[in-house]
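One structure below.
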Amino acid sequence: MSDAGPRVRVELTSDHEIVHARKAGREIAQQLGFSTTDQVLIATAISELARNIVLHAGGGAIEISTVSSRPGIAIVATDTGPGIRDVELALQDGYSTGIGLGLGLPGARRISDEFMIETRVGHGTSIFFRKYVP
Amino acid sequence: MSVVAKHGDLLYVTLDDDIGDHDMQTLLERLSAMTIRHKSRGVILDVSAMEVIDSFGCRMLQTITTVLRIHGARAVVCGVRPAVAFAMVQLALRLEDVETALDFEDAVQLLHVLTRAHV
């Protein structure tokens, strides 16, 4: 995937980087021409994905870039944490109100155009999120 | 991160956009101590500078509200931006048992009703 657009990678080791990640995401979303509402939606989704990593995986990274084929934002959240044992459960809506794993994941998926989770128990998780400029 | 000011019988807190999880925790402790020290009856949490309120932010606002209520004070969150409110609904985030007002003025009015504080 070749791209000329901005690409930001934020290593997530503490809660302060969550703020960096969502600010970077919002900036790129703004450059892409997303509405203010969508910018906030994207920034909030990044915040949820980043927090999952900091709280449950003990660290990882979030990479934000632009989609090359059409105007859109691509977010990849990767960690080497425990993995998600039950992805379906983690994506259930009611589950997001708990404190456990998967907090905010259903919401992030709902506002995305493309959403994919790759996870291996004991090895880690990668979450791929894309949203296109309407 | 955040500013706490005394305003009559009320405490007025502005939450910055870059407030982190740890800062939220510190704020909770500071607010708790100040509420007790000043015997405050009402606390206004102004979130108008916040461009993102995620699930953790919602939970902290709920926690602050509950802790302050135990100390005998009522909290009102004001200034939620339209885009933030929309994102909260889209992401199914909840502010249960948290009083909200449009802006500072409305928050003062609401607290007046809730606490009959002299402001």
Checklist entry - Using unit Cβ charges (K, R positive; D, E negative) and no other charged atoms, how large, in debye to the nearest 20, is the dipole of chain A about its Cα centre? => result 180 debye
Checklist entry - Check B:L11: other-chain or 5+ apart residues with amide H under 5 Å from its amide H, H built from backbone geometry? => result B:G42, B:V43, B:I44
Checklist entry - Farthest toward the dipole's positive end in the protein assembly as shown, which of A:H20, B:V67, B:V3, given Cβ charges of +1 (Lys, Arg) and -1 (Asp, Glu) about the Cα centre? => result B:V67
Checklist entry - If you find the alpha carbon centre of segment B:75-111 and of segment A:39-78, how far apart are they in angstrom? => result 26 Å
Checklist outcome for this item: Heavy-atom accessible area of segment B:45-119 with neighbours in place, 1.4 angstrom probe: carbon+sulfur share in percent works out to 53 percent
Checklist outcome for this item: Longest principal axis of chain A (C-alpha) makes with the long axis of helix A:15-32 (C-alpha) an angle, in degrees to the nearest 10, of 30 degrees
Next on the checklist: Nothing charged except the Cβ atoms of Lys and Arg (+1) and of Asp and Glu (-1): what's the magnitude of the dipole of the protein assembly as shown about its Cα centre? Round to the nearest 20 debye.
Outcome noted: 360 debye
Checklist entry - How many partner chain Cβ atoms sit within 10 Å of a residue's Cβ in peptide B:44-52, on average, as a whole number? => result 3
Item to check | Residue (of B:A85, A:P71, B:A101) at the positive-pole extreme of the protein assembly as shown, dipole from beta-carbon charges | outcome: B:A101
Next on the checklist: I need the per residue convex hull volume for the protein assembly as shown, using only the alpha carbons, in cubic angstrom as a whole number.
Outcome noted: 115 Å³
Item to check | Under 20 Å from B:K6, Cα to Cα: aspartates and glutamates that are on another chain or at least 8 residues apart | outcome: B:D16, B:D23, B:E29, B:D46, B:E99, B:D103, B:E105, B:D106
Item to check | Degrees between helix A:36-52 axis and first principal axis of chain A (Cα, 0 to 90, nearest 10) | outcome: 30 degrees
Checklist outcome for this item: Relative contact order as a percentage, segment A:18-66, C-alpha pairs under 8 Å and 6+ apart, gives 43 percent
Next on the checklist: If you fit an axis through the alpha-carbon atoms of helix B:21-38 and take the longest principal axis of the Cα set of chain B, what angle between them do you get, 0 to 90°, nearest 10?
Outcome noted: 20 degrees
Next on the checklist: For the pair A:D113/B:E96, report the inter-label distance in nm, with labels modelled 7 Å from Cα in the Cβ direction.
Outcome noted: 3.5 nm
Checklist entry - Across 5 Å bins from 0, what is the distribution of all Cα-Cα pair distances for segment B:2-99, in whole percents? => result 3, 14, 26, 27, 18, 9, 3, 1
Next on the checklist: Under 18 Å between alpha carbons, and skipping anything fewer than 8 positions from A:K23 in its own chain: which lysines qualify?
Outcome noted: A:K131
Checklist entry - To the nearest 20 debye, what charge dipole does chain B have about its Cα centre, counting +1 at the Cβ of each Lys and Arg and -1 at the Cβ of each Asp and Glu? => result 640 debye
Next on the checklist: Out of all DSSP beta bridges in the protein assembly as shown, what portion is antiparallel? Express it as a percent rounded to 5.
Outcome noted: 70 percent
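The values are calculated or read from the model by the stated rules, or taken from the named source; none is laboratory data. Since the model is a prediction, treat every value here as computed from it, not as a measurement. All Cβ positions, glycine included, derive from the backbone under ideal geometry; neighbour counts span all protein chains shown. Note: accessible area is taken over every heavy atom of the protein model, side chains too, but ligands, DNA and RNA are not part of it. Shrake-Rupley method; radii C 1.70, N 1.55, O 1.52, S 1.80 Å.
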